[in-house]
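What follows is one structure encoded as structure tokens, with my remarks underneath.
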Amino acid sequence: MTDTNNGPDGAPKFHGRRKGRPLRPGRQALIETLLPAIIIPTDGTDMDPLSLFDPPVEKVWLEVGFGGGEHLAAMAERHPEIGFLGCEPYINGVAKLLSAVDEGGLKNVRILADDARLLMAALKPACLDRISVLFPDPWPKRRHWARRFVGPENLPELARILRPGGELRVATDHPGYLDWILAHLIRAEEFDWLAESAADWLDRPEDWQPTRYERKSLAGRPHYLRFLRRGDS
């Protein structure tokens, strides 16, 4: 594989769309007004995500690539005691989540309209209780496999920012990516797969809010994978 996830300056190289159709005036206004108020800074290191929320929250969950934000918004409304960090480079998806935040009066959501790897590098160790990566781009062509988010480059960083006992949730409906995810995560010494039976990865957990993409079932049957972050011992 000749692809790389980093540019010539060492910064993450982003692959994918950042913008679609022109935004409606109302959503464009939210990009200009609401987003700056809840944007996540990534210009430092060792950041405590609890410091981003006022009123205070008990713990923080991260969703990588939230798409249209349906899952994140629903979970934030259901759990006002938890702070939610969402990363999504696609500005149309960001605008849609901003609409849900605005309409729902959600005070426990913070957004990075950029690559999640920028946020991961800025966070202090063991600061998150849950990380969700739901239906990421499978990059099906072999020459693009290095672009897959759940893989050898990002798993050590995900393990670094997830506290021992925290949970990594991954969903995919792409058979090839499913094999890839399991191959890398089962070998990763920082994680334990929580599945005890087929139902544990074929049936959506009760507290797992479905996404719009999931409902469309574009590529096949969704699989739901849950991994526990092991302790340092």
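Overview of values
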item	result
Residue list for the stretch 74-108, filter: within 15 Å of the chain's Cα centre (by Cα), farther than 21 Å from residue 21 by Cα and in contact (Cβ under 8 Å) with a residue 40 or more places away in the chain	74, 75, 85
Residues that are over 24 Å from residue 148 (Cβ atoms) and in contact with a Leu (Cβ under 6 Å, 6 or more places away or on another chain), drawn from the stretch 103-123	110
Per-region count, the stretch 112-138, residues outside any loop (DSSP other than H, G, I, E, B), in contact with an Asp or Glu (Cβ under 9 Å, 6 or more places away or on another chain) and surrounded by fewer than 20 Cβ atoms within 10 Å (Cβ to Cβ)	3
Boolean, residue 83 is buried (at least 24 other Cβ atoms within 10 Å of the Cβ), more than 16 Å from residue 130 (Cβ to Cβ) and touching a strand residue (DSSP E or B) at 6+ places or on another chain (Cβ under 8 Å)	no
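Values in this text are rule-based calculations from the coordinates and carry no lab data. Please read these numbers as outputs of a predicted model, since none were measured by experiment. All Cβ positions, glycine included, derive from the backbone under ideal geometry; neighbour counts span all protein chains shown.
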